[in-house]
Amino acid sequence: MTNLNGLYERCPVEFTVKGPRPFNISGELEHHNGCSLLDISFATPSTIGEIIFRNYYTAKISVLVKYNQSGSSDSYWEMSIPGKCLMESPHLEVGSHDLFSIPAIESSKQWTDVSMMRLILQQPVRQWKSYYIEDINVYGDLPRLSPKSSAPENDKLISLLKRQTETALTWDPRMDIRSASSPNIQGEKIQKGACGYEISKLPQS
């Protein structure tokens, strides 16, 4: 959606969070069993476009959904996204504090008329004494590119980078590098330097 100034705004979804709480098949609670549950309940059945959160040492996350079943007691959890990797190497710090996005297009189930979501958090490495996710935000719309982005301009920049890379890979310092005219971007003159790269003033954002 856009505001009165024509700027793009997200559509937040109201929710409450319960957990995380330890979980295992035996039903016995442990201080660290490598698996926890976090439930997200929506104020009203909602269409979900994206979930954003900051990680804290969670290695993998799975998403289950429960749909609105008015007047029925047959509502049950359905697996939506199984085992999304947050830390490629659980023993290392990489990814442990990153910001993650899970858009609806990653789900095998439709995120429409959803009443609850259950996130299964997994961390098999016991050296991390606690693991969870925080700063959770849920939006009813899919993420979009900034309206200021211009596809034709991006294509020009990509072409320029390709030419620079090809020139650098084939450049021989023993060769006599001669000046050559090249296409410009937004009227700026491009010159070829002695290093084999094209030097250009990129457009201001």
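Every read-out reported here was derived from the displayed coordinates using simple, explicitly stated rules and does not represent laboratory data. Note that the structure is a prediction, hence the values are computed from the model and not measured. So basically every Cβ, Gly included, is an ideal-geometry build from the backbone, and we count neighbours across all protein chains shown.
For this structure, a couple of remarks:
- Here residue 110 and residue 171 are evaluated by their C-beta separation; at R0 = 45 Å the FRET efficiency comes out at 0.30.
- For segment 15-139, pairs of C-alpha atoms spaced more than 23 angstrom apart make up 30 percent of the total.
- Pairs over the 22 Å Cα-Cα cut-off, from the set 18/66; 66/109; 84/162: 84/162.
- Highest average packing first - 93-102, 37-46, Cβ atoms within 10 Å: 37-46, 93-102
- Inter-label distance, nm, simple model (7 Å from Cα along the C-beta direction), residue 97/residue 163: 4.2
- The residues packed around residue 13, meaning those with a beta-carbon under 13 Å from its beta-carbon, carry a net charge of -3 if Lys and Arg are +1 and Asp and Glu are -1.
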